[in-house]
């Protein structure tokens, strides 16, 4: 592998600065040292034949820039401004992280069901929980971005949901501040939903920066026996190199219901891995991605059925405009012994422009008998027949297209519980598509 | 009748791709009239209404079509609709994820805006929707569904006529609206069509069978064979065709 040493030196230097300033327990110091070592050994992944996970995403533009400055401070940020760029409801609990730092003035937690800690707080309140869970799912030994995040995060949020009562939504917002230099932003979130608990979590990543910057985010979610999480992940960082990882572990009888919404980025990656590691676990993964211009978005979704009687649904929709490029890849694995698995995956794409391009390659690997699995992929333009039907009722071409696009997204949008979140995402969807934006 | 001419077709030749399907059609429709066009499969019935509605792959090769005094063939399909032309589809298109209510709201708003009318308030729209739904025996649950998605054949046709009543156009083109309907469904659909009829309305109804004409009595019947109107007359012509078959006419006119 050909490396550009100055870039990697800069990352090492950033690690050393942080190591001097952050007071961390020994086990975490050692973990981070190991992680930066792994990152330097692995280097950024290279798109080449044989490297399936990165087949369609060329990271050279990202690898050429050292994203080693800390995110710039952003003291001007206010709750009012946030409501312009984020979904909001007075019912929700909110935690806001700006450039990796906790903002108390933009956070309020009223629900008693969720424990929300910064890293320092969590190491005081629940040190063993953190040590038992952190980096157990986002394995950094063979993953450069997991390694980079583990080595360089400035703070982390630790959320523990307890109790069987239905909680209010918890919205965790990670803001990438505006700034000139190529900075690196490393959001880290650890979520534990304890045995039998039910909870609802929104994670959102919003970029205010205009220059190239890197967001390399890692979220780890543990669902204990019978736990249930309604989860939303919003990525709206068009100017970023955004590499997002979501790692989920599910014990017996747990349920994970997740909706991802992604706008494209300079280079975007939505990297999800769900392990159904207890019998009768259920994972429902929905996704809507909306790309335009020169944006690139690579969805890499893996679901691992390890134990019997698991159910998974993977249903994604893409809407592509401009000369954007989207990818849907990854595999549903059914391990030996995961009998009676019921798994389906589907990715459909709507192309609003001739220049837009999608590579949709859902895959199944089945090593168990007595399973029910299916998959499908499709891509196409707005159907002429449908367009004519609407126009024959008086709708002009633009309005008709808009209605069809909205209908296409409905399969995913219908999976969103909170009404405020749904209407926000409908708005963002149309605002993100130049072909439709003029219509208001 | 001396009513205003709403549609005038002169020497219309049209086809799909390289295939000529209509080989010279002449037809005049006045306000207040109901015209039925009958013909065997492949005679060009559907092509005629699709050309009139502006379906993209149907091309007019020659001839003139004047609608409300304007050159219809120069108007885009959505403008034709806003100007009061309505096509009830033989095969209504499924629109996944598009709710009936939102679809009809957008259609009605587009038409009203075109005529310089204010949009209906939510309340006014709901009242109108309820009224027309009731007329067609359509219930609330149905209105929450997606347009034509998973509808039975009968539901699709009923939904077409429901739209006809709601959008209230001037000229209705009905493309085999009777096909695939049992007698009960046919009656509901025919009742809807009759409710639409009036001195300021006109209908061009295309059908393979005479059956629907027992419920929707036409003023004129035209027989279309091989892209030409080979006979025109009153509703008794439909009964004659029913009794003797299209072959009889083909031989009579030497087609």
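So here's what we get for this one:
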read-out	value
Hydrodynamic radius by Kirkwood, which averages 1/r over all alpha carbon pairs of chain A, in angstrom	22.2 Å
Inter-chain shielding of B:91-104 (mean C-beta neighbours from other protein chains, 10 Å cut-off)	5
Amide N of region A:200-227 lying under 13 Å from the label point, which is placed 7 angstrom from the Cα of residue A:136 along Cα→Cβ	A:220-225
Residue order, fewest to most beta carbons within 10 Å, for A:26, A:42, B:186	A:26, A:42, B:186
Gyration tensor verdict on region A:59-203 (Cα atoms; rounded if a/c is under 1.5, prolate if a/b is larger than b/c, oblate otherwise)	oblate
Contact order normalised by residue count of region B:5-253, Cα under 8 Å, 6+ apart, percent	28 percent
Euclidean distance between Cα centres, region A:31-45 to region A:384-433, Å	44 Å
Computed Rg/Rh of region A:206-359, alpha carbon atoms with Kirkwood Rh	1.02
Average Cα contact separation per residue, chain A, under 8 Å, 6 or more apart, as relative contact order %	10 percent
Ranked list, fewest to most other Cβ atoms within 10 Å of each Cβ, for A:201, A:24	A:24, A:201
Whole-Å distance, taken between Cα centres, linking region A:79-101 and region B:114-145	39 Å
For A:254, B:121, order by how many other beta-carbon atoms lie within 10 Å, fewest first	B:121, A:254
Per-pair calculated FRET efficiency, R0 = 41 Å: residue B:122 and residue B:244 via Cβ, rounded to 0.05	0.15
Principal axis box of chain B, alpha-carbon based, largest edge first, Å	58, 39, 39
Nearest 10 degrees, 0 to 90: helix B:122-135 Cα axis against chain B principal axis	50 degrees
Between region B:1-78 and region A:300-354, the alpha-carbon center distance in angstrom	48 Å
Nearest-ten-degree value, helix B:100-114 long axis tilted from longest Cα axis of chain B	80 degrees
Distance in nm between pseudo-label sites at residue A:124 and residue A:89 (7 Å out along the Cβ direction from Cα)	3.3 nm
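None of the figures in this text is laboratory data; all of them are computed from the coordinates on show. For clarity, every value in this text was computed on a predicted model and none was experimentally measured. Cβ sites come from the backbone with ideal geometry, for glycine too, and all protein chains shown count toward neighbours.
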